[in-house]
Amino acid sequence: MRHLAQAACLLATICAALPAAAQSGGQVPAWAGERIRNWTVSHYDAQGHSQWTGKKWGQAPSEDQRAEALTRLRQPGERRAALWALTGWPVASWAGEALKNGGAEAAQFLYLRGYRQPGADAYAYLGPADRVERPWTHGLGLHLDKGSWRFQWIPSPVLFSQTGTAALPKGLEQAAQPGVLIHLKQLRPGLQTLVSLAGGSSASAAGASMGIVPALAQGSRAGFLVRHLEPWLKQASPALEPLANREAWVLHYGPEREGNRNLQGTLVFIPGDLPGRTQLMMALLKLNPTSSGARSRVATWTGFGTSTEVQQLRGSGGVFHLIQKAEGTWISDREAPLRALLFPGPEPTLGERREWARVALSAMAPETELSFWISPRIGADAAFENQALRRRMANLQQGTWPNPFIAKAAPRTGALSVSLGAGPTEKLVEAILRVDDTADFRMPQMPEFADGGRALNPEQMKAFQEAQAKAQDRQRQRASLRQDVAALQGCLDLRGAALFWNGWVSAPGLSGPEKASLAELGRLRREDPWRAMQEQRDGKISAFGGFGEPGMTPSLALALPVQGAKRIQVENLLKKLLPKLFKGQNQKQAFGATEIHRMMTAQAFRPAWSVVSDVLVLGTDEAAVKAVAAGLQGQAPTLADTESKAWARMDIDGARASKELENLLLAFLRSRTSSGWWIGETTSKDEAASELAFSLGPFLGALKAMGPVHLEWNWTAAGLEGRPR
């Protein structure tokens, strides 16, 4: 009776913590109710200044509760709970402020609740339907069809037409959005393909650490696929054979996500019922026929006011957590992902990302044996969902047309060359050149005590005037620079583009002080990562001169056609722009019938350009520009040598490109403690290799296995799909 009374008191406290309207609706999730109940509410005056009261949510007056929820909308970690808290008041009283401070997540929240904005366009709050926002990439896909690999790029919804009808399978929408999503048409063959993609276990011969399996075995997060499932691939077990041909989904959550629960771990979802014999033998063998000392038990998990029973399977490699639901069986190598499924929290679920899932799953075909997706980067909001919905409601379609002429600017002499057709290319290039921040520089202001300058001595007045003149000069320079960029864009014909990449530029040798600076940066990263990031951002690390670290500047060139008779205007504009953008010596040299211009800097990054056959070529170094110029002048083979009706075509040296990308990604992961990218945070070389192997290893492995290959790319309901020719 005592426990019953305590439970009743707890329930009464939670109910008292929420606004009356929210109670009557009965829709506030348990996790949100618990978080809101623990908020300390401040009092806000008419000017919006907060005054601490020390009152909990249930003790504060309604107006203070509403003001507190609106304030917490500005905090990404509290935003979703704040939106639920605001449902206790009429939507019209807080929708405008929520849209102002809550971003795309608030817009999606209001849309799902049927909110219509006053005015002619009831859903204008979802954002513009035709603007390419950054980042452009919202996911990558890799698919195996009858032994042939197919690649998928999911960009901004503006760039393609959403006409797909794919939907998540029942049950999967309950899971938190993962970093990596895998579909295996048949469990055992699919796992064998994944293991072999980047070399398999044999790649670790002679002590070498290569391939997805050795890398996974080193890591602490995704190694369960190796420790538990690889022995089953090698040594068949009659007890597990009923699973061999079952469909399976794998959801990998990777590293800890800042501001949310730690979801490290991997979930496996097997739709439908498992045979009784398999259930029994799974409990005995732990999905590992070579394990010893197997044990099984049933544990009760409690969260957010509910509880459920979970079967725990202990073997030599660790503990599995298993639960059977009406839609299928869930298996997890760690508690956190399964707890997030059973007791939903503030993390977005796959069901809340239906538009993204519609696009991603549209790439699956009946004969697809394996599908591997990198889902939106960690911390991504609902921007993709909102724009896709907006375009669907307006029935907007993006047309695409091939452009065979630009293929002459894509030489086949590097690691990768690609030519793009018309349609989405215009929007991409415009987004690159677009100015998003149009605000003026903040001019120096005199403090009130200066009394308009009368209280300043001559030295102070002179310093103020110099600071003001400097800011005004910077403002004029920026305005002039933007005017030149706009004029340059007006000279270009954006109905096509070509890209050439040939690895990384060798960095200039480091001097003694630069080596010491780099060593100091390494020490700071270990002892004080925040200070290291600040010093790098402020330019205090003199050794940095490339892409992230010395030696990682890409040898990259972009080719864009020039309109009609505007070649001279383009050349004059670039001669003005480069000295404004980069510090260095302006140099030029003859190359065949054209001239190559470059800025000779002290860094590995030495921008260069040329105008060849009415095509502007911009590059990070002169070697890349020369390669494209050679193709345009008929001195090198190009993509124009082969006929194609595809929107885009690409030649890629798979072995070289995969190795170059692996070097970049490993350097990227090891050099940062908080990337904000898909993969998230890594702190050691082993963890970086492990996360890279599981997240991008299959892509790199598929590229490597292809060798030199020609790909044709076309826009579909699944985004941009590339198939080997």
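The values are calculated or read from the model by the stated rules, or taken from the named source; none is laboratory data. Bear in mind that the values here come from a model prediction, so they are computed numbers and not experimental data. Glycine also receives a Cβ, built like all others from the backbone with ideal geometry; neighbour counts cover every protein chain displayed. Keep in mind that these areas ignore ligands, DNA and RNA; they rest on the heavy atoms of the full protein, side chains included. Shrake-Rupley method; radii C 1.70, N 1.55, O 1.52, S 1.80 Å.
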*For K100 and F304, FRET efficiency with R0 = 30 Å and r from the beta-carbon atoms, rounded to 0.05?*
0.50
*For segment 598-619 and segment 46-102, compute the distance between their C-alpha centroids and round to whole Å.*
52 Å
*asked:* In whole Hz and in residue order, list the ³J(HN,Hα) couplings for segment 573-589 that follow from phi through the Karplus curve 6.51 cos²θ - 1.76 cosθ + 1.60, θ = phi - 60°; x for Gly and Pro.
replied: 5, 5, 5, 7, 6, 4, x, 6, 8, 10, 8, x, 9, 7, 10, 8, 8
*How large, in Å, is segment 470-627 by the Kirkwood hydrodynamic radius built from its alpha-carbon pairs?*
17.6 Å
*In nm, to one decimal, how far is the L433 label point from the Q589 one, both placed 7 Å along Cα→Cβ?*
2.9 nm
*What length, rounded to one decimal in nm, is gained on full extension from M600 through to S480, with 0.36 nm per residue of separation minus their alpha-carbon distance?*
40.9 nm
_Under the rule of at least 5 residues apart or a separate chain, name every residue whose amide H is placed under 5 Å from the amide H of W504._
S555
*In a shell of Cβ-Cβ distance under 14 Å around T642, excluding T642 itself, what net charge do Lys and Arg (+1) and Asp and Glu (-1) give?*
+1
*If we restrict to alpha carbons, what Rg and Dmax does segment 54-151 come to, in Å?*
18.9, 65
*From zero up to wherever the largest Cα-Cα distance of segment 464-563 sits, split into 10 Å bins and tell me the percent of pairs in each.*
12, 22, 24, 30, 11, 0
*With each label point set 7 Å from Cα along the Cα-Cβ vector, what nm distance links R523 and R723?*
5.8 nm
*Taking the Cα centre of segment 436-526 as the origin and placing charges on Cβ (Lys, Arg +1; Asp, Glu -1), which of V485, M443, A507 is farthest toward the positive end of the dipole?*
A507
*So what's the Cα pair-distance distribution over segment 391-453, bin width 10 Å, in %?*
14, 23, 22, 14, 10, 10, 7
*Can you pull a Stokes-Einstein diffusion coefficient for segment 417-528 at 37 °C (0.692 mPa s), Rh from Kirkwood over Cα pairs, as a whole number of µm²/s?*
163 µm²/s
*How much FRET efficiency would the formula 1/(1 + (r/R0)^6) give for L510 and K576, where r is the Cβ-Cβ distance and R0 is 35 Å, rounded to 0.05?*
0.60
*Taking Cα centroids, how far is segment 104-154 from segment 159-196 in Å?*
18 Å
*Determine, for each peptide in 446-454, 344-352, the mean count of other beta carbons within 10 angstrom over its residues, then list the peptides with the highest first.*
344-352, 446-454
*asked:* Using amide H atoms built in the peptide plane, which far-off residues or other-chain residues are under 5 Å from E595 H to H?
replied: V611
*Could you state the accessible area per residue of segment 33-152 in Å², with a 1.4 Å probe and every protein chain left in place?*
48 Å²
_Could you check the spin-label model distance between A463 and D45? Points 7 Å from the Cα along Cα→Cβ, value in nm._
3.2 nm
*Applying 1/(1 + (r/R0)^6) with R0 = 35 Å to the Cβ-Cβ distance of Q534 and E173, what FRET efficiency is obtained, to the nearest 0.05?*
0.25
*Which ³J(HN,Hα) values, rounded to whole Hz and listed in residue order, are derived for segment 38-55 from phi using the Karplus coefficients 6.51, -1.76 and 1.60 in 6.51 cos²θ - 1.76 cosθ + 1.60 with θ = phi - 60°, glycine and proline given as x?*
8, 5, 9, 9, 9, 9, 10, 7, 5, 8, x, 7, 8, 10, 5, 10, x, 8
*Going by average Cβ neighbours within 10 Å, how do the peptides 695-708, 605-618 rank, with the highest at the top?*
605-618, 695-708
*For segment 497-524 and segment 356-411, compute the distance between their C-alpha centroids and round to whole Å.*
34 Å
